[in-house]
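Notes to accompany the following structure.
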Amino acid sequence: MAPRKPGRPQTDDNDKSNYSAKIDFQSTWKYMETKQKRSKTMDCKQNRDKNNPHHTTLEKVSASVGHALEGNTSDADTTTASSDEQGQQLAQSNNIQCKKSLLDFVVSQDFRHDVKNRMAVYGSDWVDGFKDMKKCIPAILFLYFACLAPAVSFGTISSLITHNTLGIVEYMLSTSLSGMVYSILCGQPMAFIAPTGLTLAFISGLYRFCTLKGLPFFPIYSWVGIWTSCLFIGLGLGGAGSLIRFCTRFTDEVFNALLSLNFIYEAVSSMRRNFVEADPSNLTMPFVSLSIAWGTWFLTARTAAFEYSRFFNQKVRTFVKDFGPVSVFVAMSLLNMQRAINKFGVPTLAVPDSLQLAGGRSLWVSLNAIPNSMKLLCGLPAILLCGLFFMDQNISVRVVNKEENNLKKPVAYNLDMVALGLVTLGLSFAGLPWMCGATVQSLNHVRAMTESRFNKETGELEVTKVTETRLTGFMVHFLIFCTLRLLGVLSFVPIPVVSGVFMFLGCKLMYGNTFLQRIMDVAIERSRLAANHPILKIGRAKTALFTAVQMACLSGLWAFKQNPKTAIFFPSVIGFLMIIRAFMLPKFFTEKELTALGDATPK
């Protein structure tokens, strides 16, 4: 390498090219300045004497210099154009990255994962149902009545509370349309949405608030639902469904016990009403109604459990289990039509003769009937309702996804939340009752599509296959929609039959709830308990304390729900179940004791 000469910097080829580029740029810049000056003095030059030889010579020289510099200018223009293209491409890539970052911020990876997993099996969700029609047809018939009964019953109760603002037609229309849409969009098709006593309690509280304040109910109702749907969709897109893993069995069992208690309470209230409002000249009617309700509950429970009996062969037992509940519902309705029973005047469902919304209102609500400030304030109760939806929906779906049910297809909690949010948005625009996760109907759906066999070694039935399909959910709610054209037929269904179905659904949800089982087990002799019972592991005192805490939580939830003044704030109390489990119980129970109680802390 040659030694460096003093006073002269050593340059390489790149430096030389950069240096020449600088010279070209300076020449171009001087030429542009000269050209600008010429344009400014053009008028003066035109007035000069063109015969002046010095002037002519200067113009020729200037022109030659200009032509010489235009070559350098064209090269600079080419370089500038290529730089502009690179700048535009860079800006476009930055915009794409910005949009992608914004999309990643709004739509989480968990939601995309849910969509990807469910799209892979979406076709089979429909095909599997058509392949197993022997299982689907009886399940559709049974679930039709199981889903129709709450819609009719809650519609009747809502009609009384809201003074015919929301009645049977609204509940049936909402149940059918939302059920069909949800079965198409949801991530877990084995789960159903339906009217629940918890959402009815919130609607009742909202109606009372609007009545006391003199506010129009439907605009307030719609805006609360719109805000709720936006919040719920945002939670689903953001991947909030993964938070349900922090909701342990402690919360699940208290919440499911509340649902069971609500179904049984509505059934008992209906039968009690017959005695309170009975005509003194016809005191036999309440007892006949009680007999019909009790017979419906008893026969439905016996036929649904006939598969576990020892009578006949497996095919006959399965047939009775599939079609028995439907047959009981129809048989009891026909029995009430007989002259010997009909003379007592057992009350039947009060449904309108034609398909018409309450008060003859239009389907779509006028959203601008309230000021903008009131629209914004509707976001406050929407937060409470969103919390209720989050707990109810995710707990219902998680009960379906339990390992004991032996489901094979992937879960999609976030997709379920987005689907329910879209359904809520549509119902809010139309002023129809909100739907939410229905634990009772969902569990009955899973059990109706389950095939099991008797294990001689263990002496118990084992699940062999579950047909996971969207077909049953869609067809059940489609039949309810078709029933809207046959409202007159529903007027022959006795209310005690509906009460009996409610009693069956409430008792069915109690099965497998260890909280309710421990209430009785506390008083059972130790030698008669199962080998893995928590009393044998941690003692009777600790088990009783844990059960007492759950009973206190259940009592508090029920008190908030039943009080008209606090019913609207009831959803916020449900969230305290998770707080109690996460922060209070660990102070009184060790992790080993919680594990023995089947309520291990999630990691």
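Here are the numbers for this structure:
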quantity	calculated
Unique match (being surrounded by fewer than 14 Cβ atoms within 10 Å (Cβ to Cβ), within 25 Å of the chain's Cα centre (by Cα) and modelled with pLDDT of 90 or more) among 363, 376, 367	376
Qualifying position, being closer than 30 Å to residue 498 by Cβ and either modelled with pLDDT under 85 or open to solvent by 10 Å² or more (accessible area, probe 1.4 Å) (or both), among 135, 100	135
Region 376-427: number of residues that are assigned to a loop (DSSP other than H, G, I, E, B) and of a type in the set (Gly, Ala, Ser)	1
Test result for residue 269, within 21 Å of residue 508 (Cβ to Cβ), in contact (Cβ under 8 Å) with a residue 60 or more places away in the chain and among the hydroxyl-bearing types (Ser, Thr, Tyr)	no
Any chance residue 583 is part of a helix (DSSP H, G or I), open to solvent by 50 Å² or more (accessible area, probe 1.4 Å) and within 26 Å of residue 157 (Cβ to Cβ)	no
Qualifying residue in region 319-326 (condition: part of a helix (DSSP H, G or I), at pLDDT 85 or above and more than 18 Å from residue 451 (Cα to Cα))	no
Only one of 261, 231 that is part of a helix (DSSP H, G or I) and closer than 30 Å to residue 286 by Cβ	261
Residue under evaluation residue 121, criteria (1) touching a Pro at 6+ places or on another chain (Cβ under 8 Å); (2) surrounded by 16 or more Cβ atoms within 10 Å (Cβ to Cβ); (3) farther than 30 Å from residue 202 by Cα; (4) not small (Gly, Ala, Ser), criterion not met	(2)
Residue list for region 270-317, filter: crowded, with 18+ Cβ neighbours inside 10 Å and touching a Leu at 6+ places or on another chain (Cβ under 7 Å)	271
Test: residue in region 501-512 that is open to solvent by less than 60 Å² (accessible area, probe 1.4 Å) and among the aromatic types (Phe, Trp, Tyr)	yes
Condition met for residue 542 (touching a residue at least 24 places away in the same chain (Cβ under 8 Å), more than 31 Å from the chain's Cα centre (by Cα), open to solvent by 40 Å² or more (accessible area, probe 1.4 Å) and over 30 Å from residue 285 (Cα atoms))	yes
Candidate set: region 157-178, residues that are aliphatic (A, V, I, L, M) and under 15 Å from residue 208 (Cα atoms); chosen: the one modelled with the lowest pLDDT	160
Where a residue in region 368-383 is over 21 Å from residue 199 (Cβ atoms) and touching a residue at least 12 places away in the same chain (Cβ under 8 Å) and its partner, wherever it lies, is part of a helix (DSSP H, G or I) and hydrophobic (A, V, I, L, M, F, W, C), with Cβ under 6 Å and at least six apart	375/223
Region 349-362 residues that are touching a residue at least 12 places away in the same chain (Cβ under 8 Å), paired with ones that are basic (Lys, Arg) (beta carbon under 9 Å, 6 or more apart)	355/485
Test: residue in region 255-264 that is out of contact with any Lys or Arg (no Cβ under 9 Å at 6 or more places or on another chain), closer than 30 Å to residue 547 by Cα, polar (S, T, N, Q) and surrounded by 15 or more Cβ atoms within 10 Å (Cβ to Cβ)	yes
Residue count, region 548-571 (criterion: open to solvent by 50 Å² or more (accessible area, probe 1.4 Å) and at pLDDT below 85)	6
Scan of region 498-530 for residues that are in a loop (DSSP other than H, G, I, E, B) and more than 18 Å from residue 555 (Cβ to Cβ), ordered by number	511, 512, 523, 524, 525, 529, 530
Pairs with Cβ under 7 Å, 6+ apart, first in region 123-147 and within 14 Å of residue 475 (Cα to Cα), second open to solvent by 20 Å² or more (accessible area, probe 1.4 Å) and at pLDDT 90 or above	140/475; 144/479
Residue among 130, 105 that is assigned to a helix (DSSP H, G or I) and either open to solvent by less than 60 Å² (accessible area, probe 1.4 Å) or at pLDDT 65 or above (or both)	130
Residue match in region 226-242 (condition: surrounded by fewer than 16 Cβ atoms within 10 Å (Cβ to Cβ) and either modelled with pLDDT of 90 or more or touching a strand residue (DSSP E or B) at 6+ places or on another chain (Cβ under 6 Å) (or both))	yes
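Condition check ((1) among the charged types (D, E, K, R); (2) at pLDDT 95 or above; (3) over 22 Å from residue 155 (Cα atoms)) across all residues:
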residue	(1), (2), (3)
182	no, yes, no
197	no, no, no
203	no, no, no
208	yes, no, no
211	no, no, no
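Residues are listed down the side, and each one gets a yes or a no for (1) without any contact (Cβ under 8 Å) to a residue 40 or more places away in the chain; (2) surrounded by fewer than 21 Cβ atoms within 10 Å (Cβ to Cβ); (3) in a loop (DSSP other than H, G, I, E, B); (4) among the charged types (D, E, K, R):
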| position | (1), (2), (3), (4) |
| --- | --- |
| 158 | no, no, no, no |
| 163 | yes, yes, yes, no |
| 166 | no, no, yes, no |
| 172 | no, no, no, no |
| 176 | no, no, no, no |
| 181 | no, yes, no, no |
| 184 | no, yes, no, no |
| 188 | no, no, yes, no |
| 193 | no, no, no, no |
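The values are calculated or read from the model by the stated rules, or taken from the named source; none is laboratory data. If you're wondering where the values come from, they're calculated on a predicted model, not measured in any experiment. For neighbour counting, all protein chains shown are included, and Cβ atoms are generated from backbone atoms with ideal geometry for every residue, glycine included. Just so you know, the surface numbers come from the protein's heavy atoms only, side chains and all, with ligands and any DNA or RNA stripped out. Shrake-Rupley method; radii C 1.70, N 1.55, O 1.52, S 1.80 Å.
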